[in-house]
Amino acid sequence: MEISRLLIVLGIYLAFRYFIRGRNSSDPAATMSHGKVTQVDNPVIFKALVSSGPVVVDFFATWCGPCKAVAPVVGKLSETYPNVRFIQVDVDKARSIAQEHEIRAMPTFVLYKDGKQLEKRVVGGNMKELEEGIKNIAA
């Protein structure tokens, strides 16, 4: 009897999650990723993804107007530079990652090359400066 109750509760939970995910996917503010950009909210996964190769990390917030404006451009850059890994971090969902990187404004782009964070950051929507940084780490 307890197993059947557990299965019923599990079924209701999964149906609820499916309904919520479907509802949020139609909301453009629920996700900001475009192109080949990976959203990360787990610090362990974040560290693994930035540990090798060229990486661009986009620190954003769903309520940030400039973040929404540059998201399609970042998506295009991710398709233009397929050898560069593009990661998005929602500062509200992954506060520990944002605090570790001392993020004070959104969007902020942090560049990594072979696991080492570059000192130069791109703060704001300067896509020309971001693309120059991407060219430097991709070379």
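Test each condition in (1) open to solvent by less than 60 Å² (accessible area, probe 1.4 Å); (2) over 19 Å from GLN117 (Cβ atoms); (3) modelled with pLDDT of 70 or more for LEU14 and report the one that comes out false.
It fails just one condition, (1).
Can you tell me which residue is most open to solvent (accessible area, probe 1.4 Å) among those in region 72-84 that are closer than 22 Å to ASN136 by Cβ and of a type outside the set (Val, Ile, Thr)?
LYS76
Among the numbered criteria (1) at pLDDT 95 or above; (2) surrounded by fewer than 18 Cβ atoms within 10 Å (Cβ to Cβ); (3) of a type in the set (A, V, I, L, M), which single criterion is violated by ALA138?
Exception for ALA138: condition (1).
Could you check region 68-87 and list, in sequence order, the residues that are basic (Lys, Arg) and within 15 Å of LYS128 (Cβ to Cβ)?
Within region 68-87, LYS76 is the sole residue that qualifies.
When only residues in region 88-111 that are under 19 Å from LEU130 (Cα atoms) and charged (D, E, K, R) count, which is most open to solvent (accessible area, probe 1.4 Å)?
For region 88-111, the residue satisfying everything is ARG104.
The values are calculated or read from the model by the stated rules, or taken from the named source; none is laboratory data. Since the structure is predicted, the reported quantities are computational estimates derived from the model, not experimental observations. Neighbour counts are summed over all protein chains in view; Cβ atoms, including those assigned to glycine, are modelled from backbone coordinates with ideal geometry. To get the accessible areas, we keep the full protein, side chains included, count just its heavy atoms, and leave off ligands, DNA and RNA. Shrake-Rupley method; radii C 1.70, N 1.55, O 1.52, S 1.80 Å.
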